[in-house]
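Here's the structure, in structure tokens; my notes come after.
The values are calculated or read from the model by the stated rules, or taken from the named source; none is laboratory data. Not measured: the values here are computed from a predicted model. Methodologically, a virtual Cβ is constructed for each residue, glycine included, from the backbone with ideal geometry; neighbour enumeration extends over all protein chains shown. Note: accessible area is taken over every heavy atom of the protein model, side chains too, but ligands, DNA and RNA are not part of it. Shrake-Rupley method; radii C 1.70, N 1.55, O 1.52, S 1.80 Å.
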Amino acid sequence: MDSTKKVTNIALLTAMALAISLIEQMIPLPVPIPGAKLGFSNMIILICLYLYSLKYALLVGIIKSFLLMLITGSVSSFFYSISGAIFSALAMGISLKLWGKMFSFVGISEIGAFFHNFGQILVASFVMGNIKMYLYFPILVIMGIFTSFFVGLSVNYITSHMDKINFGDIKNEKIDKRF
């Protein structure tokens with residue numbers, strides 16, 4: 001794949017992740033958990049991992065977090081967003097490389113959600129200077145189990161369709177798509 005096409009695709013993936021994040025902020029959650037979101041933009045990070053590599057998935061996550069801060073004006077949210085994006089992308093990239101044949105995108109997404117929440121709690125405990133922030137972690141993990149299931153399931157369907165239409169002439173055999 002030539003570099004112009006790759007740069008264009010990375011820019012489009014970043015724009016999609018940003019748009020999904022902005023839309024996601026408008027969706028009210030049925031359970032009022034401060035700071036909790038559905039995590040739908042992680043679909044784009046997983047797709048980026050599938051199409052390219054961890055390096056580009058991290059790039060998309062970091063740029064999305066930065067642009068989200070510029071658009072919303074929420075500097076404090078930026079630190080939570082970027083830490084979650086980095087932890088999540090790293091965990092999903094490593095999991096995909098090590099266990100991609102054992103897990104579908106649902107399993108990889110579950111791992112990513114866990115580490116996304118861990119990164120955010122790490123920043124929260126540092127910012128607030130209170131280790132008791134980790135008591136909030138199980139609540140975020142329980143919510144993340146449900147939302148990341150649907151994120152991973154969606155990515156299974158999206159990438160299966162991408163394979164059928166030979167999107168980008170990329171065939172990634174590292175993922176078990178039986179689920």
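Roughly to the nearest percent, how much of the accessible area of the chain is carbon and sulfur, given a 1.4 Å probe?
Accessible surface attributable to carbon and sulfur in the chain totals 73 percent.
Can you give the helix-only mean residue ellipticity at 222 nm for the chain, where every DSSP H stretch with n ≥ 4 adds -39500 (n - 2.57) and the sum goes over all residues, rounded to the nearest 500 deg cm²/dmol?
Calculated at 222 nm, the ellipticity per residue is -25000 deg cm²/dmol.
Compute the Rg/Rh shape ratio of segment 46-90: radius of gyration over Kirkwood radius, all on alpha-carbon atoms.
On the Cα set of segment 46-90, Rg over Rh gives 1.02.
Can you list which of the DSSP-assigned H helices in the chain have a Cα extent of 30 Å or more along the long axis and an average Kyte-Doolittle score of at least -0.5?
The answer, listed by residue number, is 3-24, 75-99, 105-128, 137-164.
Take the alpha carbon atoms of segment 19-55, find their center, do the same for segment 105-131, and report the distance between the two centers in whole angstrom.
Their Cα centres are 14 Å away from one another.
To the nearest 20 debye, what charge dipole does the chain have about its Cα centre, counting +1 at the Cβ of each Lys and Arg and -1 at the Cβ of each Asp and Glu?
200 debye
Hey, any idea what the orientation-averaged projected area of the convex hull of the chain's Cα atoms comes to, in nm²?
10.3 nm²
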